[in-house]
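Participant: Please find one structure pasted underneath; my questions will follow.
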Amino acid sequence: MKKYDSYKAKLSKIADLEYTLAVLGWDQETYMPEKGADFRAQQISTLSGIGHEMSVEKDLGELLKKLHKSKELDKKQSRNVEESYKDYKQSKKYTTEFVELLSKTTSECFQAWQKAKQQSDFKIFAPHFTKMVKLKRQEAEMLGYKKHPYNALLDQYEPGANVADLDILFKDVREQLVGFVKKIAAAKQNSDAFAHKHYDKDKQWNFGIDLLKQMHYDFEAGRQDISIHPFTTSFSPLDVRVTTKVIENNLKSMIWSCIHEGGHGLYEQGLPASQYGLPLGEAVSLGIHESQSRLWENNVGRGLPYWKANYKKLQGYFPEQLKSVTLDQFYKGINQVKPSLIRIEADEVTYHFHILVRYEIEKALMDGSVEVKDLPAFWNEHYKKYLGVSATKDSEGVLQDIHWSHGSIGYFPTYSLGSFYAAQFFYFASKEIKGLQQHIEKGNMLPLLNWLREKIHKHGKFYSAADLCKHVTGEKLNFKYFMNYATDKYSVIYNLK
Ligand code: CO
């Protein structure tokens, strides 16, 4: 069909531009010399502007409107058109003045945050963040929403997510997880001192590459490099980049950032290249993306079968450091559950309290029930309540994350959603793949990867997150899968009755 072909061609051109931007961004975080920063920012801004113009172009809008009514499209084609039309109408809601004001406020807010964090002084950040919150409320009005203004922002990161559903999930977190963590805290604790000995950087790197190869991350369609914050980016399903960071006295950092980003990378490599530039060639949502990284990182990579497969190899790299550490001690040491102040250092169980606090704050900021100036107190009070810890300075409390300074309000919940989806998917993978644990124990990750490819990766955006979950597991997202996973695993590790 001619109209569909010209739509496909237009989207392909927009994708060319966006993936080119991704190359520039990847280079900026990995190899770009310091002096290149200013012109690079200019280049990125110019190309972003052109990309935006192309995606709100009038011809494209008319084409989408006609295609949207067409009866000649097959299922996949209509799904592509439906998603593209939604994106198009969404982009059209932004006025140039608003985009410019938001971009200016964001860069001011980010600079203020850096300074505020350095000096651990929330007052430096507060006036700029107040402006940001005001703009975000305007944005919600501009985009439109049902029931709660926060829903408009959530929808940008996790289409379909809303306060009503998240309230139910986080109520479960509060009611079930708080008590469980208290039980763990009362039990005998395991040591992870071995992880903080000296570990040669090159050897760590090589072990990380071994792990990626074992996961079947395709090095002919990707590569790994070093960056300050590990990330995954894609230029097409045939060129997907992951990064990691290697710290000499912290073995954990490299291992689980490698596996985590590897999981993101496998998802991107598994998207259908035939749908390049189209919604069916893209990931469903941030939450589903995060489910893929966390399934590998936690459900697989922090499990006993995984280390039955890999611990000898790790000891081979580091005989001195690990010769007197048994597999059991290693497994218990890497699975400590302990309330802490910093989100990115949290274990897989207490992690969700960090998200819960941020979720409650964002919701309250958006409906006006809390003001920016009161955030440090709100923060500390809730950390005390859920985690039993309190920050002595703002840099370790309310100022720790970059997200709000970037205007990313509505992003945090996707992290918890990712873990909960991961637990639910992994439960069904274990049920449907014969002998999955035994395969993993032997280092054979292919049955799991093939299952993920077939059930999740190859569909791109054909399903919404909610529909995908139903398609894979027969029901909507349910916290009980995560709770059961955590209870089973940590009751054994901590010898709980
Ligand atoms: Co991630």
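The values are calculated or read from the model by the stated rules, or taken from the named source; none is laboratory data. None of these values were measured; they are calculated from a predicted model. Cβ: placed from backbone, ideal geometry, glycine included. Neighbour counts: every protein chain shown.
Participant: Identify the residue in segment 1-46 that is exposed (fewer than 13 other Cβ atoms within 10 Å of the Cβ), of a type in the set (Gly, Ala, Ser) and more than 23 Å from residue 244 (Cβ to Cβ) and, among all such residues, is nearest to the chain's Cα centre (by Cα).
Facilitator: By that ranking, first place goes to 45.
Participant: Then there is this: Just for segment 229-265: of the residues that are among the polar types (S, T, N, Q) and under 21 Å from residue 402 (Cα atoms), which one is farthest from the ligand (Cβ to nearest atom)?
Facilitator: My answer is 253.
Participant: If you don't mind, another one. Regarding segment 203-223, can at least one residue be identified that is at positive phi, in a loop (DSSP other than H, G, I, E, B) and either in contact with a helix residue (DSSP H, G or I) (Cβ under 6 Å, 6 or more places away or on another chain) or crowded, with 22+ Cβ neighbours inside 10 Å (or both)?
Facilitator: yes
Participant: Let me ask something else. Out of curiosity, is residue 188 in the same structural domain as residue 323 (by TED's automatic domain parsing) and within 24 Å of residue 337 (Cα to Cα)?
Facilitator: Here the answer is yes, as residue 188 does meet what is asked.
Participant: Between a first residue in segment 332-355 that is more than 14 Å from residue 256 (Cα to Cα) and a second residue that is aromatic (Phe, Trp, Tyr) and not in a helix (DSSP H, G or I), which pairs have beta carbons less than 8 Å apart while being 6 or more apart in sequence or on different chains?
Facilitator: Between residues of segment 332-355 that are more than 14 Å from residue 256 (Cα to Cα) and residues that are aromatic (Phe, Trp, Tyr) and not in a helix (DSSP H, G or I), the close pairs are 337/494; 355/412.
Participant: Can you name the residue in segment 95-109 that is in contact (Cβ under 8 Å) with a residue 40 or more places away in the chain and under 16 Å from residue 133 (Cβ atoms) and, of all such residues, is surrounded by the most Cβ atoms within 10 Å (Cβ to Cβ)?
Facilitator: Here the answer is 109.
Participant: Among helices (runs of 4 or more DSSP H) lying entirely in segment 280-328, which contain 3 or more residues that are within 16 Å of the ligand (Cβ to nearest atom) and in contact with a Ser or Thr (Cβ under 8 Å, 6 or more places away or on another chain)?
Facilitator: In segment 280-328, 286-294 are the helices (runs of 4 or more DSSP H) which contain 3 or more residues that are within 16 Å of the ligand (Cβ to nearest atom) and in contact with a Ser or Thr (Cβ under 8 Å, 6 or more places away or on another chain).
Participant: Mind telling me which of the residues 394, 374 ends up being surrounded by fewer than 18 Cβ atoms within 10 Å (Cβ to Cβ) and away from the ligand (no atom under 16 Å from the Cβ)?
Facilitator: 374 is the lone residue from the list that is surrounded by fewer than 18 Cβ atoms within 10 Å (Cβ to Cβ) and away from the ligand (no atom under 16 Å from the Cβ).
Participant: Another one. So, in segment 186-228, exactly how many residues are within 16 Å of the ligand (Cβ to nearest atom) and without any contact (Cβ under 8 Å) to a residue 24 or more places away in the chain?
Facilitator: 0
Participant: Further, regarding this structure: Go through segment 266-279 and give me each residue that's closer than 17 Å to residue 425 by Cβ and either within 11 Å of the ligand (Cβ to nearest atom) or of a type in the set (Ser, Thr, Tyr) (or both).
Facilitator: The answer is 267, and nothing else.
To keep it simple, each residue is scored yes or no on (1) in contact with a helix residue (DSSP H, G or I) (Cβ under 8 Å, 6 or more places away or on another chain); (2) within 30 Å of residue 231 (Cα to Cα); (3) modelled with pLDDT under 95; (4) of a type in the set (Lys, Arg).
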{"residue": "5", "(1), (2), (3), (4)": "no, no, no, no"}
{"residue": "13", "(1), (2), (3), (4)": "yes, yes, no, yes"}
{"residue": "30", "(1), (2), (3), (4)": "no, yes, yes, no"}
{"residue": "35", "(1), (2), (3), (4)": "no, yes, yes, yes"}
{"residue": "43", "(1), (2), (3), (4)": "yes, yes, yes, no"}
{"residue": "51", "(1), (2), (3), (4)": "yes, yes, yes, no"}
{"residue": "54", "(1), (2), (3), (4)": "yes, yes, yes, no"}
{"residue": "66", "(1), (2), (3), (4)": "yes, no, no, yes"}
{"residue": "78", "(1), (2), (3), (4)": "no, no, no, no"}
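Participant: Follow-up question, since we're still on this one. Only one of 448, 496 is surrounded by fewer than 15 Cβ atoms within 10 Å (Cβ to Cβ) and away from the ligand (no atom under 16 Å from the Cβ); which?
Facilitator: The conditions single out 496.
Participant: Residue 191: among the hydroxyl-bearing types (Ser, Thr, Tyr) and either touching a strand residue (DSSP E or B) at 6+ places or on another chain (Cβ under 8 Å) or surrounded by 16 or more Cβ atoms within 10 Å (Cβ to Cβ) (or both), yes or no?
Facilitator: no
Participant: Among the residues of segment 234-269, what is the count of those that are buried (at least 21 other Cβ atoms within 10 Å of the Cβ) and farther than 17 Å from residue 206 by Cβ?
Facilitator: Counting residues in segment 234-269 that are buried (at least 21 other Cβ atoms within 10 Å of the Cβ) and farther than 17 Å from residue 206 by Cβ gives 12.
Participant: Inside segment 314-346, can you point out the residues that are in contact with a Pro (Cβ under 9 Å, 6 or more places away or on another chain) and modelled with pLDDT of 95 or more?
Facilitator: The answer is none; no residue qualifies.
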